[in-house]
1. Does the range 34-71 hold any residues that are within 14 Å of the chain's Cα centre (by Cα), at pLDDT 90 or above and surrounded by 17 or more Cβ atoms within 10 Å (Cβ to Cβ), and which are they?
2. Please indicate, with yes or no, whether at least one residue in the range 35-53 is touching a helix residue (DSSP H, G or I) at 6+ places or on another chain (Cβ under 9 Å), under 24 Å from residue 127 (Cβ atoms), touching a residue at least 40 places away in the same chain (Cβ under 8 Å) and of a type outside the set (Phe, Trp, Tyr).
3. Under 6 Å between Cβ atoms, which residue pairs at least 6 apart in sequence (or on different chains) link something in the range 86-106 that is among the small types (Gly, Ala, Ser) with a partner that is surrounded by fewer than 19 Cβ atoms within 10 Å (Cβ to Cβ) and assigned to a loop (DSSP other than H, G, I, E, B)?
4. Kindly indicate whether any position in the range 115-128 is part of a strand (DSSP E or B) and more than 11 Å from the chain's Cα centre (by Cα).
5. Of all residues in the range 57-116, which are under 21 Å from residue 130 (Cβ atoms), of a type outside the set (A, V, I, L, M, F, W, C) and touching a Phe, Trp or Tyr at 6+ places or on another chain (Cβ under 8 Å)?
6. Looking at 119, 92, which one is of a type in the set (Gly, Ala, Ser), buried (at least 17 other Cβ atoms within 10 Å of the Cβ) and more than 18 Å from residue 44 (Cα to Cα)?
7. Give the residue that is nearest to the chain's Cα centre (by Cα), with candidates limited to residues of the range 129-143 that are assigned to a strand (DSSP E or B) and exposed (fewer than 11 other Cβ atoms within 10 Å of the Cβ).
8. Hey, among 109, 29, 11, which residue is at pLDDT 85 or above and under 28 Å from residue 144 (Cα atoms)?
Amino acid sequence: MPGTPLARDGVSYLDQNLAIYRSLHVRDVLAAAAALNNQWDKQLALTRLAELGIPLRKRAGQLSGGQQAQLALTLALARRPRLLLLDEPLASLDPLARQEVMGLLMTAVAEEGLSVVFSSHAVAELERVAGYLIVLSAGRFRYPPR
């Protein structure tokens, strides 16, 4: 049922503007996220940030743009959603990081049954991995043709 805590817990959203608290240390961003989310996976967040070399003692605003994007994606994934809504999540990432994020998402889809709705101008990157691809232009469907 929409609007219920169960439904809200099942959805995670990541905006291209990366809504993270830039004045907080990364460890404090994680603590705030844990306090606000019922299904928080602390170990997933800590492991992913360690693998990415993102230090917990640094302020989120002092991270590079790519690291901030990775932090925001980590926050979205550590909520353990069933549906992940992504709006231009690759925009501030370098090509290697883009590939890593796409691999991570494909793994989560395959292993955890995560559903992802991905908004992007990088259609070529999506067509290799998407189960369904819809192209919109000026508010109209362009692909698949109707």
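The values are calculated or read from the model by the stated rules, or taken from the named source; none is laboratory data. Quantities reported herein were computed from a predicted structural model and do not represent experimental measurements. Cβ sites come from the backbone with ideal geometry, for glycine too, and all protein chains shown count toward neighbours.
1. Selection gives 45, 48, 49, 71.
2. For the range 35-53, residues touching a helix residue (DSSP H, G or I) at 6+ places or on another chain (Cβ under 9 Å), under 24 Å from residue 127 (Cβ atoms), touching a residue at least 40 places away in the same chain (Cβ under 8 Å) and of a type outside the set (Phe, Trp, Tyr): absent.
3. Qualifying pairs under 6 Å: 91/16.
4. Within the range 115-128, one or more residues are part of a strand (DSSP E or B) and more than 11 Å from the chain's Cα centre (by Cα).
5. Scanning the range 57-116 gives 87, 89.
6. Going through 119, 92 in turn, the sole match is 92.
7. It comes out as 136.
8. Only one candidate passes the filter, namely 11.
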